[in-house]
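J.: Below is one structure. I have some questions about it.
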Amino acid sequence: MTDPAEQRRLLDSVCAIARSAGHAILEVYGRPDFAVSRKSDDSPLTEADRVAHSIICRSLAELDKTTPVLSEESAPADHAMARRNS
């Protein structure tokens, strides 16, 4: 992608996604209590993690359906699929 206007549009979109996820995280942490579970490696997984992951993955998929999204919060099957597709 070399079109500067398209690059700017994507950058603006990704920044908006990050801000949206950040606002959702702050909303969760602003409550007196929120859900915390444990991953298989015993590290914490907060409600804020899950909400942000959902916002980011959904929004990136809407932005570009052809690019897979892989994150720390992705299911193990998502990781396996990403390895097969790379």
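The values are calculated or read from the model by the stated rules, or taken from the named source; none is laboratory data. Just so it is clear, the model here is predicted, and its values are computed rather than measured. Here the Cβ positions follow ideal geometry from the backbone for every residue, glycine too, while neighbour counts run over all protein chains shown. Surface accessibility is based on the protein's heavy atoms, side chains included, excluding ligands, DNA and RNA. Shrake-Rupley method; radii C 1.70, N 1.55, O 1.52, S 1.80 Å.
J.: Give segment 9-49 a look and list any residue that's aliphatic (A, V, I, L, M), within 14 Å of the chain's Cα centre (by Cα) and in a helix (DSSP H, G or I), or say none.
T.: Scanning segment 9-49 gives V14, A16, I17, A18, A21, A24, I25, A48.
J.: For residues that are of a type in the set (G, A, S) and at pLDDT below 95, scanning just segment 38-53, find the one that is nearest to L11 (Cα to Cα).
T.: S43
J.: Six or more apart or on different chains, Cβ atoms under 9 Å: show the pairs whose first residue is in segment 54-83 and under 15 Å from K39 (Cβ atoms) and open to solvent by less than 60 Å² (accessible area, probe 1.4 Å) and whose second is outside any loop (DSSP other than H, G, I, E, B) and modelled with pLDDT under 90.
T.: Every condition considered, the pairs that remain are S71/D78; S74/A82.
J.: I've got another one for you. Of everything in segment 28-37 that's farther than 13 Å from E73 by Cβ and open to solvent by less than 50 Å² (accessible area, probe 1.4 Å), which residue is modelled with the highest pLDDT?
T.: Across segment 28-37, the extreme among qualifying residues is V28.
J.: Go through (1) within 24 Å of T67 (Cα to Cα); (2) open to solvent by less than 70 Å² (accessible area, probe 1.4 Å); (3) under 17 Å from the mean Cα position of the chain (by Cα) for E6 and report which single condition fails.
T.: (3)
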